[in-house]
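This report concerns only the one structure given below.
The values are calculated or read from the model by the stated rules, or taken from the named source; none is laboratory data. In this text, all values refer to a predicted model and were calculated from it rather than measured experimentally. Counting neighbours? That spans all protein chains shown, and the Cβs are built from the backbone with ideal geometry, glycine included.
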Amino acid sequence: MLIVHIAVTMLLGAGIFFTLVGSIGLLRFPDFYTRLHATGKCDTLGGGLIILGALIYHFFAYPETPLVPAKLAFLIFFIFIANPTATHALMKAAFKTGLKPWRLGEERR
Amino acid sequence: MKLKEKRFGILLTFCIMAVFWILLSGIFHAFCLISGLICCAIVSLISHDLLVKGESEKKLLKSLRLLLYIPWELWQIVLANIDVAYRVLHPRMPIDPLIIEFETTLRKDFSLATLANSITLTPGTITILVEPERGKFWVHAIAKESADALLVDQTMQRKVAHVFMETQEETETQEAFE
């Protein structure tokens, strides 16, 4: 059980780290497109790792309800499909409205 | 052949839906199970063509290759996150965004969607636009190195084309048939 606790803590820690980095990137990056780089990637892996940690913990702590980990696994699967698609949709919307991407040396927006 | 493919589509849709029903309900009473299976049968008879398109061949081989592609993709996602974390936390923010265009040999919806999602999840690149007729992609890259991975190495395009069997020669022969 100790190994499980260590693994779960590491997964949750990594997930929180990536989500935090995504939020910092959202604040630091200069324009819309680069901000989507930060959130689109970090939220996918961060959220996925947090759910994976919860999945492993539930699997070993409550073995009498094996369906909950299965549902969590479905959640990870759908997040990994839906998140890049949503990022791409936002990108496309911004590109079609004619938002110019930030180039090196310009002022931040 | 046509009928066989249709049957395969109905069966596959039914199996997927039944698995979903059982997993998500978690109730194993006879009434619940049987009513669920009847619903699955009706839905898969009516709308199996939404999930399984009857056009392409060698579905099993393609799904197998897709399964092999997923671990590589997951590793790329981890690399992408470390890359973004490095760029965010670096005091001087080493970014130099640019938009690149390139053409691929892919034509089918599913393979284009897979490549677009893969590009979005891998280091430093996000898909902006896809033009299905020519397999053309517009991609926003956060720095020069990540753009080069798509323009020069083209590992990802080759991998996806390999998975869906739409490499250069195969696409050309398909067009020759049409």
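Computed values, structure above
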read-out: Qualifying residue in segment B:54-68 (condition: within 11 Å of chain A (Cβ to nearest Cβ), among the small types (G, A, S) and either within 30 Å of B:T13 (Cβ to Cβ) or touching a Leu at 6+ places or on another chain (Cβ under 8 Å) (or both)); value: no
read-out: Matching residues, segment A:30-45, being more than 7 Å from chain B (Cβ to nearest Cβ) and either of a type in the set (F, W, Y) or touching a residue at least 60 places away in the same chain (Cβ under 8 Å) (or both); value: A:P30, A:D31, A:F32
read-out: Any hit, segment A:79-96, residues being more than 12 Å from chain B (Cβ to nearest Cβ) and assigned to a helix (DSSP H, G or I); value: no
read-out: Filter pass, B:D83 being assigned by TED's automatic domain parsing to the domain that holds B:A149 and over 16 Å from the mean Cα position of the chain (by Cα); value: yes
read-out: B:W21 being assigned to a helix (DSSP H, G or I), aromatic (F, W, Y), under 30 Å from A:T34 (Cβ atoms) and modelled with pLDDT of 85 or more; value: no
read-out: Evaluation of B:K136 against (1) under 22 Å from A:N83 (Cβ atoms); (2) at pLDDT 80 or above (one fails), failing number; value: (1)
read-out: Any pair with Cβ under 6 angstrom, 6 or more apart, that starts in segment A:50-76 at a residue that is touching a residue at least 12 places away in the same chain (Cβ under 8 Å) and more than 13 Å from chain B (Cβ to nearest Cβ) and ends at one that is part of a helix (DSSP H, G or I) and among the β-branched types (V, I, T); value: A:I51/A:I76; A:G53/A:V8; A:I56/A:V8; A:Y57/A:V8; A:H58/A:V68; A:F60/A:V4
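Residue-by-condition table, conditions (1) closer than 14 Å to B:L121 by Cβ; (2) modelled with pLDDT under 90; (3) surrounded by 18 or more Cβ atoms within 10 Å (Cβ to Cβ):
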residue: A:A14; (1), (2), (3): no, no, yes
residue: A:G25; (1), (2), (3): no, yes, yes
residue: A:T34; (1), (2), (3): no, yes, yes
residue: A:K41; (1), (2), (3): yes, yes, yes
residue: A:H58; (1), (2), (3): no, no, no
residue: A:K71; (1), (2), (3): no, yes, no
residue: A:G105; (1), (2), (3): no, yes, no
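To keep it simple, each residue is scored yes or no on (1) in a loop (DSSP other than H, G, I, E, B); (2) under 16 Å from the mean Cα position of the chain (by Cα).
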position: A:V4; (1), (2): no, no
position: A:Y33; (1), (2): no, no
position: A:G46; (1), (2): no, yes
position: A:L49; (1), (2): no, yes
position: A:L52; (1), (2): no, yes
position: A:I56; (1), (2): no, no
position: A:T65; (1), (2): yes, no
position: A:F74; (1), (2): no, yes
